[in-house]
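Participant: Sending over a structure as structure tokens; questions will come in a sec.
The values are calculated or read from the model by the stated rules, or taken from the named source; none is laboratory data. What you see is a predicted model, and the numbers here were worked out from it, not measured in a lab. Note that we place each Cβ from the backbone using ideal geometry, even for glycine, and neighbour counts take in every protein chain shown. To get the accessible areas, we keep the full protein, side chains included, count just its heavy atoms, and leave off ligands, DNA and RNA. Shrake-Rupley method; radii C 1.70, N 1.55, O 1.52, S 1.80 Å.
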Amino acid sequence: MESKKLKIINVVGARPNFMKIAPIHKLMLKSYKIQPILVHTGQHYDEKMSKVFFDDLKMPVPDIYLNVGSGSHAVQTAKIMTEFEKVVLEQKPDMVLVVGDVNSTVACTLVAVKLGVRCVHVEAGLRSFDRRMPEEINRLMTDVVSDCLFVSEESGMINLKKEGIPDEKVFHVGNVMIDSLVNHIKSADKSTILKNLGITAGDFCLVTLHRPSNVDDIENAKILVETLIELSKKLHVVFPIHPRTLKNFGSFGILKGFSDNEKIKLTEPLGYLDFMKLMKESRFLLTDSGGIQEETTYLGKPCLTLRENTERPSTVIQGTNILIKQLDKNLIVSHVNDILSGKTKKGTVPKLWDGRTAERIVKILENSM
Ligand code: UD1
């Protein structure tokens, strides 16, 4: 008689979740011991923020879609909890697996633990020590109640130990997002995005900005627009704009600063493969994203991060990431001048960022039966 499989709900909600769940879910589908169920909360719902990633990452359509959409933090988190509770009650999983630090992560964790279902957090232990960031609250809350914590970098192990999480719950498995990068880098080479944008390899920088601290404040937003205009005098600037940023910059009336500037390529949010191709062929990246700090460290690409802190210190200590802690046009331009004159930071790849993290995670979960 076939032994009972471990039923695990894998949760995705927002863009940075998809490339973290994809390699785990795929391996679980092949496992004789695990029955995975893919639940999409619908926190991100635009075609360009969600569906394109399922296509690019060759992920199956979600088994269950909660369609929660946008809202204030309380509204969004509450909606996810209400809908996800119904799923857990109906599906009766053995475990719920969440990734990263978005509202869907914490909402589904709270539902699972309160219903007595074991919760697994992938990318546990990261800390910016900045409680003004919604993601920091989500990380702290998720880790403190999770039963099994998979850690991507050394700092995560240290943080969890300091917070008193028992060692037997914690596993240093590496960075699952790098699995996706390794798995798709060849297909990304086939992307025609450079041609579509009319740019050539090495002659552009790639920009992403969406953190509330940068784009929700009109003064900061103005500095960012002025900085990009300044950079466009030196090289092409490719700026796939996040919906939050587009909405805010639009309402501040500052988007017109980009019009009639051939050197600034403002695009919709891009798919995974096109973005990876741009990352690989760019001169450097200017960003406030969490994941891009890691991807550039793996690729050895210079990355300037417009944040006061990072929850991913290995990208600064070991990798190619530089934090620019003050939103100052001249400061940013001087870092860019360094890169353009060849003064780039050389880095190494952190331990266990080797494309095999999902394998380690699935093996540990299989053996937990
Ligand atoms: C969320 C995550 C953030 C992550 C980012 C990546 C939280 C607290 N934040 O931030 O950690 O880095 O995703 O993108 O979970 N919108 C759309 N279409 C969509 C999704 C959002 O138009 O598909 C617009 C809506 O106006 C919405 C706004 O973007 O109000 C912000 O979306 P939200 O999910 O609240 O947070 P993000 O800023 O995307």
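Participant: Write down the accessible area per residue of region 284-366 in Å², having rolled a 1.4 Å probe over the full set of protein chains. Could the numbers behind the result be given before it?
Facilitator: Details: 3300 Å² over 83 residues.
I get 40 Å² per residue for this part.
Participant: Now, a different point. Tell me the volume per residue, in Å³, of the convex hull enclosing the alpha carbons of region 139-258.
Facilitator: On the way: hull volume 20.6 nm³, N = 120.
Dividing the Cα hull volume of region 139-258 by its residues yields 172 Å³.
Participant: Something else now. I'd like the distance separating the alpha-carbon centroids of region 48-90 and region 343-358, in whole Å.
Facilitator: The two parts, judged by their Cα centres, are 31 Å apart.
Participant: Something else now. Once the mean 1/r over all distinct Cα pairs of region 188-257 is inverted, what Kirkwood radius in angstroms do you read off? Write down the numbers at each step before the final one.
Facilitator: On the way: mean 1/r = 0.0759 Å⁻¹.
Every distinct Cα pair counted, the radius reaches 13.2 Å.
Participant: Excluding same-chain residues fewer than 8 positions from Lys48, which lysines have a Cα within less than 21 Å of its Cα?
Facilitator: Lys20, Lys58, Lys190, Lys195, Lys247, Lys265, Lys277, Lys280
Participant: Kirkwood hydrodynamic radius, computed over distinct alpha-carbon pairs, for region 90-142: how many Å, to one decimal? Intermediate values should be presented prior to the final figure.
Facilitator: Working: mean 1/r = 0.0880 Å⁻¹.
Over region 90-142, the inverse of the mean reciprocal pair distance is 11.4 Å.
Participant: Percent relative contact order of the chain, based on C-alpha pairs within less than 8 angstrom and at least six residues apart? Before the final figure, lay out each step's value.
Facilitator: On the way: 692 pairs, mean separation 59.4, N = 369.
16 percent.
Participant: Hey, another quick one. Please work out the Kirkwood hydrodynamic radius for the chain, using every pair of different C-alpha atoms, and report it in angstroms with one decimal place. Could the numbers behind the result be given before it?
Facilitator: Numbers: mean 1/r = 0.0475 Å⁻¹.
By the Kirkwood definition, the hydrodynamic radius is 21.1 Å.
Participant: Taking only protein heavy atoms and a 1.4 Å probe, what accessible area per residue, in Å², does region 76-210 have with all protein chains in place? Walk me through the numbers on the way to the answer.
Facilitator: On the way: 5490 Å² over 135 residues.
Per-residue accessible area for region 76-210 comes out at 41 Å².
Participant: I would also like to ask the following. Please express the Cα-Cα pair-distance distribution P(r) of region 83-199 as a list of whole percents, one per 10 Å bin, running from 0 to the bin with the greatest distance.
Facilitator: 13, 37, 26, 17, 7, 1
Participant: From the residues Ile223, Val39, Val88, which one has its Cα farthest along the dipole of the chain in the positive direction, the dipole being from +1 and -1 charges on Cβ of Lys/Arg and Asp/Glu about the Cα centre?
Facilitator: Going by the Cα projections, it comes out as Val39.
Participant: I've got another one for you. If you roll a 1.4 Å probe over the chain with all protein chains in place, what percent of the accessible area is carbon or sulfur?
Facilitator: 54
Participant: Cross-link partners among lysines for Lys4, C-alpha distance below 16 Å, same-chain residues fewer than 8 apart left out?
Facilitator: By straight Cα distance, Lys4 reaches Lys30, Lys33, Lys92.
Participant: Leaving out same-chain residues fewer than 8 places away, which aspartates and glutamates sit with a Cα under 19 Å from that of Lys186?
Facilitator: Asp55, Asp56, Asp274, Glu281, Glu294, Glu295, Asp354
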